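Down below is the structure, laid out as structure tokens.
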Amino acid sequence: MLPSTHMSRATSRTAASEEGKQMGSLPVPSVQAMVAATGSAHVPPRYLRPTDEAVAAAGEAEIPVIDFRRLQLGDGEESACLHMACQDWGFFQLINHSAPEDVVEGMKANVQGFFQLPAETKKQFAQEPGQLEGYGQLFVVSEDQKLDWADSLYVKTQPLKDRNLRIWPDQPANFRMALDKYCAAVKSIADCLLAAMASNLGLDPEVIAEKCDGGVQSVRMQYYPPCAQADKVVGISPHSDADLVTILLQANEVDGLQIRRNGSWIPVKSLEGGFIVNVGDILQVLTNGRYKSVEHRVVVDEKKQRLSMATFHSPSRNAIIGPLREMVAHEDDAVYGSMDHDELMKLFFANKLDGKSFLDQLKKLKTSG
Ligand SMILES: O=C(O)CCC(=O)C(=O)O
Ligand SMILES: [Fe+2]
């Protein structure tokens, strides 16, 4: 930890709780239930967004594709592609990964099955006031904020002691088993990717691995209902993820993810059997900006529902998050301050999703801390 960039716990706590912001998300109606009741032709004003930004034509630019098997065989060319993907794109698709097909397909079926349950059944797993986990929407911090056209189920999966079985659905019947197997398979992929990234950065793999001993893994399953005015709503607001690496599974065949690149939005065409992987804010901070978390959003379809499942991988709750000593030539080069992971997450969840503004706050904390 670099003394000049270290922000005291007291300072960070003040920052997280300033303006009286609380953990937890305000309760909002289920978009799925709203569409079931009234259709999607009329969009309530709280969901209407200006969405007139440039979108690249399909196929105009594609995120890199990384072959996991080749990486594991120590293929130098594949490692170089991974390094380029993390520095230049912040996103890539992962093919030939090690998650067994039956585990992935089982997870997809259970995500679909969960959101098909009657509204009353899903409510048994609803977020409680002040809590983030459960069925609802995240990042709703004010009554007048615009809302996303989606419902979520957010669940912590690692460390084991953080599992809250009250909101781990036991319906459909195989849900818990499927989630347990899927998360283990995806965690081992995330660990391998982080080791390959560390090696590409000239770091001892232990430098990142030791921050992840007892690391946090959580999943957000998203249901995006169709919308007759699809161009007037946003499925998930532009944001970057506050983790090390996210592994995204598109849980049905409908695309919708877009990433911001060179001033326009690039649609991601998900590859059958692959995962979409992205660098998160914490990896950007640890690498002092060498690897980039990239802003992304989801647009919805006029006729088809979309389902996805993002799995977030982060250091342990008490790890110090700040630029790694090895990534900073001179103390003054550190772009971000340091704070403990728990405080960082409180800060993240106390705000609405707003592009990369969260990382900007970490920069500001450096100058004021
Ligand atoms: O649904 C998607 O494709 C992306 C979801 C996402 O970005 C997230 O959950 O953080
Ligand atoms: Fe995301």
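The values are calculated or read from the model by the stated rules, or taken from the named source; none is laboratory data. Quick caveat, the model's predicted, so the values are computed rather than measured. Cβ placement follows ideal geometry from the backbone for every residue including glycine, while neighbour counts extend to all protein chains displayed. Accessible surface areas use protein heavy atoms only, side chains included; no ligands, DNA or RNA. Shrake-Rupley method; radii C 1.70, N 1.55, O 1.52, S 1.80 Å.
Each helix, a run of at least 4 DSSP H residues, gives -39500 (n - 2.57); summed and divided by the residues of the chain, these come to -8500 deg cm²/dmol at 222 nm. Excluding residues fewer than 8 places away in the same chain, name every one of the lysines whose C-alpha is closer than 16 Å to that of LYS363. In chain and number order, the partners are LYS292. First measure r as the distance between the Cβ atoms of ARG176 and ASN252, then evaluate 1/(1 + (r/R0)^6) with R0 = 22 Å and state the FRET efficiency to the nearest 0.05. With a Förster radius of 22 Å, E is 0.55.
Here is the P(r) of the stretch 255-369: all C-alpha pair distances, binned every 5 Å from 0, give 2, 9, 17, 21, 18, 13, 10, 5, 2, 1, 0 in whole percents. With protein chains left intact and a 1.4 Å probe, residues in the stretch 89-207 average 42 Å² of accessible area per residue.
Within the stretch 17-155, the proportion of C-alpha pairs whose separation exceeds 24 Å stands at 58%. Projected over every direction and averaged, the convex hull enclosing the alpha-carbon atoms of the stretch 223-290 yields 5.7 nm².
A convex hull fitted around the alpha carbon atoms of the stretch 119-248 yields 151 Å³ per residue.
Per residue, the stretch 262-369 exposes 40 Å² of accessible surface when a 1.4 Å probe is rolled over the protein heavy atoms with every protein chain present. For the cross-link pairs LYS108/LYS269; LYS269/LYS352; LYS122/LYS146; LYS181/LYS304; LYS232/LYS304; LYS187/LYS211, the ones whose C-alpha atoms lie over 22 Å apart are LYS269/LYS352; LYS122/LYS146; LYS181/LYS304.
Once backbone amide H atoms are built at 1.01 Å from N, GLY235 has TRP149, VAL298, VAL299, VAL300 as its partners under 5 Å, excluding neighbours fewer than 5 places away on the same chain.
Phi angles of the stretch 98-111 translate, via the Karplus equation with coefficients 6.51, -1.76, 1.60 and θ = phi - 60°, into HN-Hα couplings of 8, 6, x, 4, 5, 5, 5, 5, x, 5, 4, 4, 6, 5 Hz per residue; Gly and Pro are given as x. The portion of the accessible surface of the chain made up by carbon and sulfur, rounded to a whole percent, is 52 (1.4 Å probe; DNA, RNA and ligands excluded).
Dipole magnitude for the stretch 30-83: computed about the Cα centre from +1 point charges on Lys and Arg Cβ and -1 point charges on Asp and Glu Cβ, it is near 460 debye. Each Cα pair under 8 Å and six or more residues apart adds its sequence gap; the mean of these over the residue count of the chain is a relative contact order of 26 percent. Binning all Cα-Cα separations of the stretch 190-265 at 10 Å, short to long from zero, yields these whole-percent fractions: 13, 35, 29, 17, 5, 0. Sorted from longest to shortest, the spans of the Cα atoms of the stretch 157-311 along the three principal axes equal 51, 45, 25 Å.
Kirkwood hydrodynamic radius computed over the chain comes to 21.0 Å, based on all pairs of distinct alpha carbons.
Distances between placed amide hydrogens fall under 5 Å for VAL254 paired with LEU307, all partners being 5 or more residues away or on another chain. Estimated at the nearest 10 Å², the accessible area of ASP241 is 10 Å² with a 1.4 Å probe. At full extension, LEU271 and SER188 could sit 27.8 nm farther apart than now, given 0.36 nm per residue minus the alpha carbon distance.
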